1. Hey, can you grab everything whose amide H is under 5 Å from the amide H of I153? Only 5+ residues off in sequence or another chain; H modelled, so Pro and N-termini drop out.
2. Helix-derived [θ] at 222 nm for the chain: sum -39500 (n - 2.57) over DSSP H runs of at least 4, divide by residue count, nearest 500?
3. Just order 74-85, 116-127, 18-29, 55-66 by mean Cβ neighbour count inside 10 Å, highest at the front, would you?
4. Report the Cα centroid-to-centroid distance between region 124-139 and region 76-91 in angstrom, as an integer.
5. Under a 10 Å cutoff between Cα atoms, tell me which one of I102, I153, I37 has the largest fluctuation in the Gaussian network model of the chain.
6. Would you mind getting the accessible area per residue of the chain, heavy atoms of the protein chains only, 1.4 Å probe, in Å²?
7. First select every other residue whose beta carbon is under 11 angstrom from the beta carbon of L42; then total the charges, Lys and Arg +1, Asp and Glu -1.
8. Roughly how big is the chain's charge dipole about its Cα centre, with Cβ charges of +1 (Lys, Arg) and -1 (Asp, Glu), in debye to the nearest 20?
Amino acid sequence: EMTEQGKVKELVTRLNQYFSEVVNAVHSEQGTVDKFIGDAVLAVFGAPLKQSRSANVRAAVRTAIALQKQLTELNRGWEEQGQRPWQQVVVLSHGWVLSGNIGCASRMDYTVIGDAVNTASRLEAIAKQCGQAIVMSAAVAEQLEGDVPLHNIGTFTIRGQGEQQVFALGTDTDADDLPDTLQ
């Protein structure tokens, strides 16, 4: 919408502010920003730095909560400047991925591919459809049972992977409210 209104410079400025917050949040939890895809970011935990499954999940959840807080702050500033607020969804998927340099001799990128990446991509549409800010696969939710407020938002067909239950993090969850197991 902003590009149609001739506000490309404003869009780029806002994207750069937003991406700066995302990168800082991911890096502060030892995650890796894999790539920017339009206005989206693909980040991974556990590659190339290896951690335990539960450590990766906890780091991703802390990052998701931090991003919600950061967007609230960004939106406050943008609204004070008369700009429309942005919405975001954060999607958490867990599973095996292939990570490494992929491409050809003239163009090589370090990246991740695999079912967990595909699941994350498909969960984004579900998050938007359901109006949920932080959505996760059942594999992520299993690691968090009893630690944070989760809501089962239903069973959805994930293309290429069949039906899966999808969960959302409670909207009022704050990093300070997380149990010691997640801090």
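1. Placed amide hydrogens put V166, F167, A168 under 5 Å from I153.
2. Using -39500 (n - 2.57) per qualifying helix, the result is -13500 deg cm²/dmol.
3. 55-66, 116-127, 18-29, 74-85
4. 19
5. So, out of I102, I153, I37, the one fluctuating most is I37.
6. Numbers: 10770 Å² over 183 residues.
Computed with neighbouring chains in place, this is 59 Å² per residue.
7. -1
8. Details: 15 positive and 22 negative charges, 123 e Å.
Around 600 debye, computed over the chain.
The values are calculated or read from the model by the stated rules, or taken from the named source; none is laboratory data. Every value quoted in this text rests on a predicted model; they were computed, and no experiment measured them. Cβ atoms come from the backbone with ideal geometry, glycine included; neighbour counts cover every protein chain shown. Surface accessibility is based on the protein's heavy atoms, side chains included, excluding ligands, DNA and RNA. Shrake-Rupley method; radii C 1.70, N 1.55, O 1.52, S 1.80 Å.
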